[in-house]
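K.L.:
Just passing along the structure, written as structure tokens.
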Amino acid sequence: MTAYQRLTIADIAHLAGVSKTTASMVLNDRAEQYRIAPATVERVKQIAAEHHFQPSTSARSLRTRRSSTLGLVVPELGNFAHAMLAQALEALCREAGFQLFVVCSNDQAAMEVTAVEQLLARQVDGLMLVPCTTNAKLYAKWAKRLPLVLVDRRVIGSTLPFVVSNAQDKVQELIGSALAHGVREIAYFGGQIALSPSVDRLAGFEQAWQAVHAEANLALIFHRDYQQHSGYAMMADCYQQLGRYPEAVFTASISLLEGVLAFINEKDKFKTAPQHLLSFDDHRLLDCMPRPINAVVQDSQQLAAQSLRHIIALLAGESIESVWIQAHINWRQSFA
């Protein structure tokens, strides 16, 4: 038993002096369809407002076979890029008449499965997913149950629709600018090598070197995962390997950059540091750092908008195509 009391349609009908059916028609915006008198409509709505009553979404779902809810699965909300994506999507979903459920996978396959199963149990109408594996068959199975769009990451080799930033081009531009100004020692810190962000960002890194007919030092290319502690660990490994900082460091995510900055701060509070710091993903707090950091900026608003547009199209039975979202670079340091 509980001390809380939840009003029902029957309670509102009793207080308004009408039938349960009449109250239901009024509160579900079907009064005009059933020619219910305006005075009755006003009375029912006034009673409902006085008691802060909202019609049951579960009951509406049974009638319409739609829950007006969508799901978003992200690796972690501590990642600024994913937090911005979730924030942008929540507002857009609300404007479109959907409630957004956000759950985290912690970049672990088992937790991702649990998260999706929880959303499926809630009968969400569609699912937007930042995948943490390359298991195309699993995602394809979910896509047969409900509209599904991959966001921020894609599954290479699959036909699953995605909305992803043009990481490869922008990383090539960012690294290429450093190389064009004579920088020749750049450490690369990336996440899980099989995931599409790692593939795309590393490809951009390598293409920048190829464009100047040079080769990156393979010993300075590190991969772990996209957690902050991994950025710290890779910076520590690199420093130990060289006995100093490299000339430049590129991190494949803002979370990895956080780990790198933590190491530098702990080492000597930036008295010595890489001459150039480069990153994928940006944050306004980087404007306050003692060293300027050039960073690729993802368009979270467009990632969110295009993802929602794709879900709505799938719900309407329309076909969709994958989309590459243009990113840009926040230049805080000139290489001149």
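K.L.:
Could you work out the local net charge near residue 217, counting Lys and Arg as +1, Asp and Glu as -1, over the other residues with Cβ closer than 10 Å to its Cβ?
P.N.:
The answer is -1.
K.L.:
Averaged across orientations, what area in nm² does the convex hull of the alpha carbons in segment 70-198 project? Numbers along the way, then the final one.
P.N.:
Numbers: hull surface 36.0 nm².
Taking a quarter of the hull surface, the average projection is 9.0 nm².
K.L.:
Using each residue's phi in segment 236-242, evaluate 6.51 cos²θ - 1.76 cosθ + 1.60 at θ = phi - 60° and report the 3J(HN,Hα) Karplus result to the nearest Hz, with x for Gly and Pro.
P.N.:
In residue order, the calculated couplings are 5, 5, 5, 5, 5, 5, 8 Hz.
K.L.:
Shape call for segment 167-299 from the C-alpha gyration tensor, a ≥ b ≥ c root eigenvalues: rounded (a/c under 1.5), prolate (a/b greater than b/c) or oblate?
P.N.:
On the way: a/c = 1.32, a/b = 1.23, b/c = 1.07.
Taking the square roots of the gyration eigenvalues as a ≥ b ≥ c, segment 167-299 is rounded.
K.L.:
If the only charges are +1 at each Lys and Arg Cβ and -1 at each Asp and Glu Cβ, what is the size of the charge dipole of the chain around the Cα centre, to the nearest 20 debye?
P.N.:
Details: 30 positive and 31 negative charges, 229 e Å.
The calculated dipole for the chain is roughly 1100 debye.
K.L.:
What net charge is computed for the residues neighbouring residue 244, neighbours being all others with C-beta under 14 Å from the C-beta of residue 244, Lys and Arg scored +1, Asp and Glu -1? Before the final figure, lay out the partial values.
P.N.:
Details: positive: 267, 271; negative: 185, 237, 247, 268.
Summing Lys and Arg as +1 and Asp and Glu as -1 gives -2.
K.L.:
Right, here's the next one. Which of the lysines could a cross-linker span from residue 20 if the Cα-Cα distance has to be under 23 Å and same-chain partners fewer than 8 positions apart are dropped?
P.N.:
45
K.L.:
Of 238, 283, 194, which is farthest on the positive side of the dipole of segment 167-299, counting Cα position, with +1 on Lys and Arg Cβ, -1 on Asp and Glu Cβ, and the Cα centre as origin?
P.N.:
Value computed over the given set: 238.
K.L.:
Further question on the same structure: For the chain, what does the helix formula give at 222 nm: sum of -39500 (n - 2.57) over DSSP H segments with n ≥ 4, over the residue count, nearest 500 deg cm²/dmol? Please report the intermediate quantities before stating the final value.
P.N.:
On the way: 12 runs with 152 residues, N = 336.
Value at 222 nm, helices only, nearest 500: -14000 deg cm²/dmol.
K.L.:
Sorting 152, 169 on the 10 Å Cβ count, fewest up front, what's the list?
P.N.:
On the way: 152 26, 169 17.
Ordered by Cβ neighbours within 10 Å, fewest first: 169, 152.
K.L.:
What net charge do the residues around residue 107 carry, taking every other residue with its C-beta under 9 Å from that of residue 107, with Lys and Arg at +1 and Asp and Glu at -1?
P.N.:
Values: positive: none; negative: 76, 112, 225.
Counting the neighbours of residue 107, the net charge comes to -3.
K.L.:
Which order results if 175, 293, 221, 264 are arranged by neighbouring Cβ count within 10 Å, fewest first? All intermediate terms of the calculation are to be shown ahead of the outcome.
P.N.:
Working: 175 27, 293 21, 221 18, 264 24.
By the 10 Å Cβ count, ascending: 221, 293, 264, 175.
Only the coordinates and a few stated rules stand behind these numbers; no lab work does. What you see is a predicted model, and the numbers here were worked out from it, not measured in a lab. Using ideal geometry, Cβ is built from the backbone for each residue, glycine included, and neighbour counts are taken over all protein chains shown.
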